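So the structure is just underneath, and the comments pick up after that.
The values are calculated or read from the model by the stated rules, or taken from the named source; none is laboratory data. The shown structure was predicted, so the numbers you read here are calculated from the model rather than taken from an experiment. Glycine gets a Cβ as well: all are built from the backbone with ideal geometry, and neighbour counts include every protein chain shown. To get the accessible areas, we keep the full protein, side chains included, count just its heavy atoms, and leave off ligands, DNA and RNA. Shrake-Rupley method; radii C 1.70, N 1.55, O 1.52, S 1.80 Å.
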Amino acid sequence: MKGFEVITAMKDYISEKDIIISSNGNISREVYHHLPQPQVYLRGSMGLPVAVGLGLALANPNNRVIVVTGDGNFLMGMGSSVTASFYKPKNLKILILDNKSYFTTGGQQTVSPALNYSKFIDSLNAEYKNSKEASKDQIKEDLSRFLNSNTFAMLHLIIEASKENLENIPWHPENITKEFTGKISKLS
Amino acid sequence: MIDSAAFISFLEKNFQFICGVPCTYFKKMLIFLAEHKSELQLQHILATREDEAMGIASGVVFSGKQAIVYMQNSGLGNVGDALTSLAQLYKLPMVLLISYRGLESDRSFPEHDIMGEVNEAVLKAFNVPYWILSESGWESEMNLALKEMKNSSSPVALLVKDGVLSE
Ligand SMILES: Cc1ncc(C[n+]2csc(CCOP(=O)(O)OP(=O)(O)O)c2C)c(N)n1
Ligand SMILES: [Mg+2]
């Protein structure tokens, strides 16, 4: 499966009350275009999506917080998944979309194949954990289990390295903050 | 030295979260935080890196809550992108409490010499307004920093010299 197909498949499970953080580059674009708005679309701060998601999860214990991160971003901030698992917020879900590449900058390879995600996630004792190749006939079940688990959850999906031609996110980051904080104030 | 109880009580009134990576200069304050964990209204989150701490704080601030991040000035070398492409770019107000290592009392710690020399220049280059925390005037310095943080909706810094928050 392609990354945007996984992201599009998430749509059925996302409600207005959910909070999504997307890592910079293509993933933020795809989340912006395919899932309900507004969310926290990171445009920079490579390596920090899990950290930002942890902050959001701790500050909004009654909302589900879903981090959608590329492998390059995940590896750059790998310590943050240890920090997140130290606190294990029940509402935090980390989805790693692994195309084994820095796709956004031209598809250069990452060191991702050296990591046994299954063992790594296992060692963090996430109550929900899964590591596999994304497949069309199982994606619905995988996403629904992952997103509806009432626990700290990590899902690692190997995806095809590809992208859609999508418009850039039209909002300036200051507007992303305005839109998003507006949503948060209505939630609480 | 600033009284830890008074300092933490000030933080408690202004922030819901405190997050960071330790420096010896914060030892007393961090002991106080650990010892009073259960009765404090201030959630202390441990971090593995200073940019991660700023990421966590950003998540808190995106939620309409307040966060303070503590770090050694070595950590200032780790946060350039978290500052410029996250906290400043997205207009996320937060306080950075940074130890000012590498001054006279640190002469036997050459690892701090160079950052100590450029510390203020680095903050200026990043356009981060800063105040140096003093034992006698810390409350007004903190209030000035908070005021600027709110006005600019951006990170501000407080520099902490040796002996100010820990002996
Ligand atoms: C600190 C930093 N280094 C490098 C970049 C350039 N950059 C932007 S996106 C990206 C690739 C991100 O890879 P990944 O998270 O795997 O997402 P993908 O592009 O594969 O979807 C890189 C290297 C950056 N934005 N910030
Ligand atoms: Mg990738």
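Table for the structure above
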item	result
Residues whose placed amide H lies under 5 Å from that of A:Met154, excluding near-sequence neighbours	A:Ile94, A:Tyr128, A:Lys129, A:Asn130
Sorted largest first, extent of the protein assembly as shown alpha carbons per principal axis (Å)	66, 41, 39
HN-Hα J in Hz across the stretch A:27-42 - Karplus 6.51, -1.76, 1.60, θ = phi - 60°, x for Gly and Pro	5, 4, 4, 5, 5, 4, 7, 10, 10, x, 9, x, 9, 8, 8, 7
Length-normalised contact order for chain B - Cα pairs under 8 Å, 6+ apart - percent	27
Shape of chain A, Cα gyration tensor, a/c cut at 1.5	rounded
Amide H contacts of A:Lys2 (H built 1.01 Å from N, under 5 Å, at least 5 apart or other chain)	A:Glu160
Cβ-Cβ FRET estimate between B:Ser136 and A:Ala114, R0 fixed at 51 Å, reported to 0.05	0.40
Using θ = phi - 60° and Karplus 6.51 cos²θ - 1.76 cosθ + 1.60, couplings along the stretch B:136-151 (whole Hz; Gly, Pro as x)	8, x, 4, 5, 6, 5, 5, 5, 4, 5, 5, 5, 5, 4, 5, 4
The stretch B:47-61 versus the stretch A:9-77: alpha-carbon centroid distance in Å	15
Gyration tensor (alpha-carbon) shape descriptor, the stretch A:1-107, a/c threshold 1.5	oblate
Charge context of B:Leu158, other residues only, Cβ under 14 angstrom, K/R +1, D/E -1	-3
Zone residues, the stretch A:25-52, relative to A:Glu167, backbone N less than 19 Å from point 7 Å out along Cα-to-Cβ	A:25-43
J(HN,Hα) series, the stretch A:140-151, from Karplus relation 6.51 cos²θ - 1.76 cosθ + 1.60, nearest Hz, glycine and proline x	5, 5, 4, 5, 5, 5, 5, 6, 9, 5, 8, 8
Relative contact order [Cα under 8 Å, 6+ residues apart], the stretch A:3-187, whole percent	24
Protein accessible area in the protein assembly as shown, 1.4 Å probe - carbon and sulfur %	50
Net lengthening on full extension, A:Lys178/A:Met78 (0.36 nm per residue, minus Cα-Cα)	33.1 nm
Probe 1.4 Å, protein heavy atoms only - accessible area per residue of the protein assembly as shown in square angstrom	42
Cα-based shape type of chain B, given that a ≥ b ≥ c are square roots of the gyration tensor eigenvalues and the cut on a/c is 1.5	rounded
